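One structure is given below, encoded as C-alpha cells.
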C-alpha cells in the first residue's frame, strides 16, 4: 500500500487522479479522525482534477465538500490549517470568476450565497468551456488563470490564484492519531 507521503507528492505534482487513488486506499483503511482528514484532502484532489478538465460544477462541489471536512477538524495552525486556508481561497476565486462569467443580474447574484445549490447553478455556466488554464512560474509554482473571451487579445492580465501545495507528511498524520 502506498503512503500519505506518496499522496502528498502526487498532489504537489498536480497528478490529482493518481493522488485520489492513493488517498482512497488510505481513507478506506483509516481510523475516524484521520479518516475525515484524508477524505477531505481526497475531495480537494478530485476538485482540482475536475477543474483541470473544465468541470466547473464538479470542481466547486468537491472543493467545497473537502473544505468542509478540513474545517470540521478545527485546525488552528500547522500544514492542514494552511492547506484549508489555501483551498478556501481557491474556492472563493472559482466562485467569483464563475459569477463574473455568468454575467448575472443583480437579482440572480443576490441568490448566490456560496451554498451547494449556488455552486451547482454557477457550475452549469460555461460547462466544458475552457475558462481556466494552468500557468507555471520560474519556481514551478502553479497558478489557475481565469481566461474567458473578454481577456483574450487585451492588455489586461486575467485574474489568477496559486494552486495550493500540501506541506504535510506521514508524521503529521501519525501525530493526529495519537492526540
In the range 23-44, is there at least one residue being without any contact (Cβ under 8 Å) to a residue 60 or more places away in the chain, within 18 Å of the chain's Cα centre (by Cα), over 23 Å from residue 75 (Cα atoms) and surrounded by 16 or more Cβ atoms within 10 Å (Cβ to Cβ)?
no
Would you please list the contacts, defined by Cβ atoms under 7 Å and residues six or more apart or on different chains, that run from a residue in the range 49-78 that is closer than 19 Å to residue 14 by Cα to a residue that is at pLDDT 90 or above and surrounded by fewer than 18 Cβ atoms within 10 Å (Cβ to Cβ)?
49/17; 67/88
Is there a residue being modelled with pLDDT under 65 and either surrounded by 14 or more Cβ atoms within 10 Å (Cβ to Cβ) or in contact with a strand residue (DSSP E or B) (Cβ under 9 Å, 6 or more places away or on another chain) (or both) anywhere in the range 95-106?
yes
Failed condition for residue 143, given (1) in a loop (DSSP other than H, G, I, E, B); (2) surrounded by 14 or more Cβ atoms within 10 Å (Cβ to Cβ); (3) modelled with pLDDT of 80 or more:
(1)
May I ask you to list pairs of residues, at least six apart or on different chains, whose Cβ atoms are under 8 Å apart, with the first in the range 89-102 being in contact (Cβ under 8 Å) with a residue 60 or more places away in the chain and at negative phi and the second being part of a helix (DSSP H, G or I) and buried (at least 16 other Cβ atoms within 10 Å of the Cβ)?
90/63
Just name the residue that is farthest from residue 17 (Cα to Cα) out of those in the range 58-74 that are surrounded by fewer than 19 Cβ atoms within 10 Å (Cβ to Cβ) and over 12 Å from the mean Cα position of the chain (by Cα).
74
Inspect the range 75-87 for any residue being surrounded by fewer than 18 Cβ atoms within 10 Å (Cβ to Cβ), more than 24 Å from residue 25 (Cβ to Cβ), touching a strand residue (DSSP E or B) at 6+ places or on another chain (Cβ under 9 Å) and at pLDDT below 95 and give the result as yes or no.
no
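The values are calculated or read from the model by the stated rules, or taken from the named source; none is laboratory data. Since the model is a prediction, treat every value here as computed from it, not as a measurement. Glycine gets a Cβ as well: all are built from the backbone with ideal geometry, and neighbour counts include every protein chain shown.
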